[in-house]
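Right, one structure below, let's go through it.
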Amino acid sequence: MRRDGVRVAQIVIGVLLLTALLLAGLGALLPRRWHVEQSIMINATPAAVHRYVNDLGYWPEWAQWNQADLAPQNQLGARSSGVGAALSWTGRGGKASGEVHITQSDPTLGVWFESRTAGGEPSIAQLRYVPGPGVTEVIWRDEGHLPPVIGGLFLDLFQQRLSKHMSAGLERLKELVELGGRVDPRVVPGAEADE
């Protein structure tokens with residue numbers, strides 16, 4: 001009887017190990033590169049939009065996600081706007097951290113930046129302006145690579161969450177620009193992305 005129990009345990013452990021190996025192998029073979037793009041029409045000129053996009057001091061009001069969960073502590077670099085501007089953040093209890101650096105900036109075309117979370121690969125992103133009569137389309141594009149194995153398994157989920165975050169951030173940017181820097185203080189940036 002005891003031998004049967006040992007044999008069952010061996011089979012269960014073997015099946016669990018095989019399943020873990022299959023998942024790891026599958027995750028290693030799946031693509032890890034992500035690419036997300038969202039856009040919005042803002043009733044303003046590119047210069048008016050650029051004021052808020054080019055200055056990282058405004059980003060916590062519209063671009064930073066998980067504000068409620070992370071309660072990030074932000075630290076602006078020596079420069080807060082233009083090429084070379086930097087913003088670093090640390091979440092509540094040090095459970096997450098990251099940084100953003102502006103790499104290119106043009107008041108008529110947009111802002112290009114690199115962001116990185118602790119231990120992760122950098123993502124390359126841009127907020128591009130496409131002017132129209134009385135309106136500017138702002139296109140936010142972000143891309144990068146997720147970590148091996150686990151990244152392949154969760155690529156779709158990550159892209160869905162990032163897409164929701166970017167959409168909510170653009171809505172907040174629209175509100176910020178169109179209301180001249182006034183936003184509803186009851187709305188937490190990024191809260192919509194977590195629903």
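Tabulated values for the structure
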| item | result |
| --- | --- |
| Residues of the stretch 132-146 classified as surrounded by fewer than 17 Cβ atoms within 10 Å (Cβ to Cβ) and touching an Asp or Glu at 6+ places or on another chain (Cβ under 8 Å), total | 2 |
| Residue ID - surrounded by the most Cβ atoms within 10 Å (Cβ to Cβ), chosen from residues in the stretch 99-122 that are small (G, A, S) and under 24 Å from R51 (Cβ atoms) | G110 |
| Conditions (1) at pLDDT below 85; (2) under 19 Å from F113 (Cβ atoms); number of the one not met by G181 | (2) |
| Residue that is modelled with the lowest pLDDT [pool: residues in the stretch 134-175 that are assigned to a strand (DSSP E or B) and under 13 Å from the mean Cα position of the chain (by Cα)] | H145 |
| Odd one out for R33, checked against (1) touching a Ser or Thr at 6+ places or on another chain (Cβ under 7 Å); (2) among the charged types (D, E, K, R); (3) at pLDDT below 90 | (1) |
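The values are calculated or read from the model by the stated rules, or taken from the named source; none is laboratory data. Values in this document were obtained by computation on a predicted structure and should not be read as measured data. We place every Cβ from the backbone using ideal geometry, glycine too, and count neighbours over all the protein chains shown.
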